[in-house]
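All remarks here apply to the structure that follows.
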Amino acid sequence: MKPADFRADVFYTASADETAGLGKMLAGTLKAGSVVALSGGLGAGKTIFAKGMAKGLGIEEEVTSPTYTIVSTYEGRHILNHIDAYRVPDERDFYETGGRDIIGEKGISVIEWPEHIRSALPSSTLWVVITILDDGRRRIQIESPEHGRIQASE
Ligand SMILES: Nc1ncnc2c1ncn2[C@@H]1O[C@H](COP(=O)(O)OP(=O)(O)OP(=O)(O)O)[C@@H](O)[C@H]1O
Ligand SMILES: [Mg+2]
């Protein structure tokens, strides 16, 4: 994928490496406080995308899915907070456990299952919506706030 393609809103990836590459390129455009919501069903490629973002931020530590810990924090060119809201029971729980406090702070935050904590997300959130196509490729739509926020399905 050529960087010039990056201006488009929709991408198609044929492998996990290509999806990670897109995450890596996106990370290069982010600044401190950026919040990225990764929307998509089970196995869509959210964690693969987050791993690519980590690579783009110069993080060498292996990024694994923080399903049980909810938040993992890594240090690179920016701090990266990788949040997996899959097991967050409700938004109030996320606020009470301090999860909301780290979003939009000095680090970059990337969130899997963002629909579970929708009200905790700032309006500036960048939405990345991953869909598995019939042929196995992924359709990845990147929606910036200037274009209006995506109403991703639950
Ligand atoms: N084009 C593609 N992009 C991303 N992953 C792909 C692609 N094609 C195949 N895969 C495979 O799909 C799987 C995606 O797994 P991943 O853990 O990233 O999904 P996820 O969305 O984080 O799932 P979960 O909801 O369980 O957290 C990997 O096994 C990966 O190798
Ligand atoms: Mg995952």
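The values are calculated or read from the model by the stated rules, or taken from the named source; none is laboratory data. Quantities reported herein were computed from a predicted structural model and do not represent experimental measurements. Reconstructed Cβ throughout: ideal geometry from the backbone, glycine too, with neighbour counts over all protein chains shown. The accessibility values were calculated without ligands, DNA or RNA, using every heavy atom of the protein model including side chains. Shrake-Rupley method; radii C 1.70, N 1.55, O 1.52, S 1.80 Å.
Here are the numbers:
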item: Neighbours by Cβ (under 8 Å, 6+ apart or cross-chain): first from the range 85-103, among the basic types (Lys, Arg); second at pLDDT below 85 and not in a helix (DSSP H, G or I); result: 87/67; 87/68
item: Hits in the range 81-102 (condition: more than 15 Å from ligand 2 (Cβ to nearest atom), of a type in the set (A, V, I, L, M, F, W, C) and open to solvent by less than 10 Å² (accessible area, probe 1.4 Å)); result: 94
item: Which numbered condition residue 136 misses (of (1) on the phi > 0 side of the Ramachandran plot; (2) touching a strand residue (DSSP E or B) at 6+ places or on another chain (Cβ under 9 Å)); result: (2)
item: Subset of the range 103-138 that is among the hydroxyl-bearing types (Ser, Thr, Tyr) and at pLDDT below 95 - its residue that is surrounded by the fewest Cβ atoms within 10 Å (Cβ to Cβ); result: 123
item: Extreme residue, most open to solvent (accessible area, probe 1.4 Å), among residues of the range 35-72 that are of a type in the set (Ser, Thr, Tyr) and at pLDDT below 95; result: 68
item: Residue in the range 18-33 that is touching a Leu at 6+ places or on another chain (Cβ under 9 Å), within 16 Å of ligand 2 (Cβ to nearest atom) and of a type in the set (Val, Ile, Thr) present; result: no
item: Members of the range 36-58 that are touching a residue at least 40 places away in the same chain (Cβ under 8 Å), touching a Leu at 6+ places or on another chain (Cβ under 7 Å) and of a type outside the set (Lys, Arg); result: 36, 37, 49, 50, 53, 57
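Yes or no, residue by residue, for (1) away from ligand 1 (no atom under 11 Å from the Cβ); (2) outside any loop (DSSP other than H, G, I, E, B); (3) under 13 Å from the mean Cα position of the chain (by Cα); (4) farther than 13 Å from residue 71 by Cα:
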{"residue": "93", "(1), (2), (3), (4)": "yes, yes, no, yes"}
{"residue": "118", "(1), (2), (3), (4)": "yes, yes, no, yes"}
{"residue": "134", "(1), (2), (3), (4)": "yes, no, no, yes"}
{"residue": "139", "(1), (2), (3), (4)": "no, yes, no, yes"}
